[in-house]
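Peer 1: Got a structure for you, written out below as structure tokens; questions coming shortly.
The values are calculated or read from the model by the stated rules, or taken from the named source; none is laboratory data. The structure presented is a predicted model; accordingly, all values stated were derived computationally and were not measured. Here the Cβ is made from the backbone with ideal geometry for all residues, glycine too, and neighbour counts use every protein chain on show.
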Amino acid sequence: MSAPLLEVSNLQMHFPVREGLFLRARAFNRAVDGVSFTINPGETLGLVGESGCGKSTLGRCITRLYTPTGGSIRFAGQDITHMRPRTLRPLRQDIQMIFQDPMESLNARHTVGDILEEPFIVHRIGDRIWRRKRVAELLNIVGLPARSATRFPFEFSGGQRQRIGIARAIALNPRLVICDEPVSALDVSIQSQILNLLVDLQREFNLAYLFIAHDLAVVKHVSDRVAIMYLGKIVETAPSETLYREASHPYTQSLIAAIPVPDPHRRAAREVLRGDVPSPINPPQGCSFHPRCPRAEPQCSEAEPELAPLTGAHAAACHLLARSG
């Protein structure tokens, strides 16, 4: 078996909350609080959780848009956690990102051709003639005509703009792409087209994906493994089929129960979670999910459970599961 392409170990990203005249850090927003996982070449890891759980922050740490406050990130065997910008620059070709909002992530003042040429200019790859030819190739790969290069982002639909964002992400032939909710801003009919495009590109170029989403139904058919994130921590991880068939953590079970059933005559058994997601500035003691868990016991508010193996590659962080095992 090949070595992991990406290794994230006990990663932390704590943002200081500054107050007072001298803006001293009075508290910390624990957006990512001890996350560990690996991604192999050509593999897709789905990362799922509610809004505000730290998924996007984690993605930005891996691309080093943020510098983590703790833990480590190893890419292709190199520790990039605190790598200096000049040393990191060549590796940025291998780690790219697709953003959630295709309109906000594209420069409205630049033509599509300028947007897709920019990565080559920044990394000093090719001359102007070669770059223009490569732009036409990229547009063809994502299903857009070559004449799109002379138009501006606002002239395209949401799905077409996301195709442009995908073309920019694969321009430098990366090995890992962080997909930060790439279909959540699109119509349902367009979502499947973009998902199929991502799957086709993965097969053609052997890409590895970290696919971030808040909807388990979206990642079901594109992920090899799925990790469930809650309040800055991973609470369950398993191969995709195993997770949907044998979800063990109460939070994962509630997310699966919330997936719409495509049958008007069938009602899904849903266990509605009480309360809201706690603040990452002042997280609850013990298990972070216990204030909303329908099966919480006294132990859950006293000690934090560890992410422990259940069977095979299936692991979960829950006191009740550890006791039953």
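Peer 1: Is it true that V17 is modelled with pLDDT of 95 or more, part of a strand (DSSP E or B) and either at negative phi or acidic (D, E) (or both)?
Peer 2: Here the answer is no, as V17 does not meet what is asked.
Peer 1: While we're looking at this one, here's another question. Select from the range 196-249 the residues that are over 23 Å from M97 (Cα atoms), surrounded by fewer than 24 Cβ atoms within 10 Å (Cβ to Cβ) and among the charged types (D, E, K, R) and list them in ascending order.
Peer 2: E241, R245, E246
Peer 1: Does R26 qualify as being farther than 25 Å from F289 by Cβ, at pLDDT 95 or above, over 16 Å from the mean Cα position of the chain (by Cα) and not in a helix (DSSP H, G or I)?
Peer 2: no
Peer 1: Moving on to the next point. Anything in the range 53-76 that is in contact (Cβ under 8 Å) with a residue 60 or more places away in the chain, in contact with a helix residue (DSSP H, G or I) (Cβ under 9 Å, 6 or more places away or on another chain) and either surrounded by fewer than 16 Cβ atoms within 10 Å (Cβ to Cβ) or hydrophobic (A, V, I, L, M, F, W, C) (or both)? List them, or say none.
Peer 2: I73, F75, A76
Peer 1: Follow-up. From the list V199, V218, which one is assigned to a helix (DSSP H, G or I) and under 15 Å from the mean Cα position of the chain (by Cα)?
Peer 2: Matching residue, one of V199, V218: V218.
Peer 1: Moving on to the next point. Applying the selection to the range 113-133, what residues are acidic (D, E) and in a helix (DSSP H, G or I)?
Peer 2: Within the range 113-133, D114, E117, E118 qualify.
Peer 1: Could you run through the range 37-52 and say how many residues are touching a helix residue (DSSP H, G or I) at 6+ places or on another chain (Cβ under 9 Å), under 24 Å from A257 (Cβ atoms) and either of a type in the set (V, I, T) or part of a loop (DSSP other than H, G, I, E, B) (or both)?
Peer 2: Qualifying residue count, the range 37-52: 4.
Peer 1: Output the residues belonging to the range 77-112 that are buried (at least 19 other Cβ atoms within 10 Å of the Cβ) and outside any loop (DSSP other than H, G, I, E, B).
Peer 2: Passing the criteria: I95, Q96, M97, I98, V112.
Peer 1: Among what's in the range 290-317 and is in contact (Cβ under 8 Å) with a residue 60 or more places away in the chain and in contact with a helix residue (DSSP H, G or I) (Cβ under 7 Å, 6 or more places away or on another chain), pick the residue that is surrounded by the most Cβ atoms within 10 Å (Cβ to Cβ).
Peer 2: Result: L310.
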